[in-house]
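The values are calculated or read from the model by the stated rules, or taken from the named source; none is laboratory data. Small disclaimer: the values here were computed from a predicted structure and weren't measured. Heads up, the Cβs are rebuilt from the backbone with ideal geometry, glycines too, and the neighbour counts pull from every protein chain shown. When the accessible area is computed, the model is the full protein with side chains, heavy atoms only, and any ligands, DNA or RNA have been set aside. Shrake-Rupley method; radii C 1.70, N 1.55, O 1.52, S 1.80 Å.
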Amino acid sequence: MNYKIEAKICQKCKKDFIIEPNDFGFYEKMDVLPPKICPKCRSQLRLTFRNERFFYRRACDYCGKDTVSMYSQNKPFPVWCHDCWWSDELDAKQYAIDYDPKKTFLEQFASFYKKVPFPALVGFRNINSHYLNFTADNRNCYLTIESSNNENCINCYWIQLSKDLVDCSFTDHVELSYEVDDCYDCHSLIFSKSCGYCLDSAFLLNCRGCNYCLGCINLRDQSYNIFNKQYTKEEYEKN
Ligand SMILES: [Zn+2]
Ligand SMILES: [Zn+2]
């Protein structure tokens, strides 16, 4: 069937959006109606299911103790603290139900969803660390999300196998750095983005294998550069 591109108005944000001819084919194949809300609003609705960084103080629904959770106290499902959720007290099989073909899947899923305990925060094998979510195997970390195998890091997002970081995101094997984003295998870097194998530098963008560089962009295997200009070691140190 030949579909035409169709302009629609989002029922949520009231902005225009279009449905491409290919999309209509997909909706027909999946036997669903074309959407009435725009892709951005649909994405927002899907993401409401995932709260990574807003924390609430609430009671554990098993032991009653105070805990920190990504779920507020008024959620319709039980939330258990870390110790209760990971203990043998939680027997997941006891919540199993038989599928009833006479009822809709979503109806059954909704009632199931309200019975099974959720962990207050997702994390395990973290040592001496607080306010972590979606994390594992971290030590001495604070307020760090979506991260694993790190040590001594504060206020970071998606960092892996990194050490001594503050305010960093999307790093892998980075150490002793501040305000670094999208970098790997770096050491002593500050205010830098999209770099790899860089050392003792600051304000770098998209550099590789650079050390002792300041304010540089797109450099490869360079040392003692300031604003992409080569200096001798002595000149650099004087500056
Ligand atoms: Zn919208
Ligand atoms: Zn508990």
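Counting only protein heavy atoms and using a 1.4 Å probe, the accessible area of F105 comes to about 120 Å².
Take the alpha-carbon centre of segment 146-166, take the same for segment 199-239, and report the distance between them in whole Å. Rounded to whole Å, the Cα centres lie 25 Å apart.
In the calculated pair-distance distribution of segment 1-91, the portion above 18 angstrom amounts to 63 percent of the Cα-Cα pairs. Each Lys and Arg adds +1 at its Cβ and each Asp and Glu adds -1 at its Cβ; summed about the Cα centre, segment 59-134 shows a dipole of about 220 debye.
Dipole magnitude for the chain: computed about the Cα centre from +1 point charges on Lys and Arg Cβ and -1 point charges on Asp and Glu Cβ, it is near 1160 debye. For q values of 0.23, 0.27 Å⁻¹, compute log₁₀ I(q)/I(0) with the Debye formula on a Cα-only model of segment 168-238, without solvent. Results for segment 168-238 at q = 0.23, 0.27 Å⁻¹ read -0.84, -1.12. Look at the dipole of segment 56-119 built from charges on Cβ: of N74, Y113, C60, the Cα furthest out on the positive end belongs to N74. On segment 168-238, 56 percent of the accessible area sits on carbon and sulfur atoms, based on a 1.4 Å probe. For E235, the solvent-accessible surface computed with a 1.4 Å probe is close to 80 Å², ligands and nucleic acids excluded. Taking all C-alpha pairs of segment 6-47, those more than 12 Å from each other amount to 59 percent. The solvent-accessible area of T144, taken with every protein chain present and a 1.4 Å probe, is close to 0 Å².
For segment 6-47, the Cβ-based charge dipole about the Cα centre amounts to some 380 debye (Lys, Arg positive; Asp, Glu negative; other atoms uncharged). Pairwise Cα distances in the chain exceed 26 Å in 61 percent of cases.
Based on DSSP H segments of at least four residues, each scored -39500 (n - 2.57), the chain has a per-residue ellipticity at 222 nm of -4500 deg cm²/dmol.
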